[in-house]
Amino acid sequence: MSQINSVTGRSASSAVKKLVFSAMGIALAMVTSYIKVWEMPMGGSVTLLSMLFICLIGNWFGVGYGLLTGVGYGFLQFIVDPYMMSIPQVLFDYPLAFGALGLSGLFKGRKYGLNVGYVVGVVGRFVFSTLSGVFFFAAYAPEGMNPWVYSSLYQGSYLGVEGIITLVIISIPPVAKALDTVKRQAI
């Protein structure tokens, strides 16, 4: 165990704690992904804060943990509710899109880091989802409509709504205080 500690520079209990919180984040994201406020006709939905739980891991433990947690969550989403046209489409829609939520870790430890990081994570997911829409689902764009515009509007409609709802909720003082309390226990 001391060899692991000397290589990683952390205690094993710290790594285990981060792993446990990451697993809890994935579990909470999965559960809340089934609480759909609004569902789009061809995939995507506004859920009850499901993206937040992945972004919290990035914000608490850094971009590496956030990306790994997001990628793991993306693979789990694919296993539970798969839609596959091709392997590249699966990569864009699942591990890359959900993994991008881990970019929230870029703002770890900064003032308003969770809020800014959450926005960056959601924008990252938007980018990969939009690219998937353009590359793999352009045929669904209305005739005469640019696939980039269609995909951006489609992805932005549900991701933007959930993003705004989540930002409002995490900005409510008691919620922000509760998240800060859990963060102190996590790190």
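The values are calculated or read from the model by the stated rules, or taken from the named source; none is laboratory data. All values derive from a computational prediction rather than experimental measurement. No Cβ is skipped: glycine too gets one built from the backbone with ideal geometry, and neighbour counts run over all protein chains shown. Note: areas computed on protein heavy atoms with side chains; ligands, DNA, RNA excluded. Shrake-Rupley method; radii C 1.70, N 1.55, O 1.52, S 1.80 Å.
Side notes on the structure shown:
- Between 0 and 90°, nearest 10: helix 113-136 axis offset from the chain longest Cα axis: 40 degrees
- Estimated dipole of the stretch 1-123 in Debye, rounded to 20 [Cβ of Lys and Arg +1, of Asp and Glu -1, Cα centre]: 580 debye
- Two-site FRET efficiency, A139 against E39, from Cβ-Cβ distance with R₀ of 25 Å, rounded to 0.05: 0.75
- Under DSSP loop assignment and at most 14 Cβ neighbours within 10 Å, longest trypsin sites (Lys or Arg not before Pro)-free interval of the chain: 11-109
- Subtracting the Cα-Cα distance of S86 and S157 from 0.36 nm times their residue separation leaves 23.1 nm of extension gain.
- Accessible area (Å², per residue) of the chain, counting only protein heavy atoms and a probe of 1.4 Å: 53 Å²
- Angle between the chain longest axis and helix 50-61 axis [Cα atoms, degrees, rounded to 10]: 40 degrees
- Between 0 and 90 degrees, the angle of helix 173-186 with respect to the longest Cα principal axis of the chain falls at about 60 degrees.
- Restricting the stretch 65-97 to chymotrypsin sites (Phe, Trp or Tyr not before Pro) that sit in a DSSP loop and have at most 16 other Cβ atoms within 10 Å of their own Cβ leaves Y83.
- Solvent-accessible area, 1.4 Å probe, carbon plus sulfur percent, for the stretch 121-187: 73 percent
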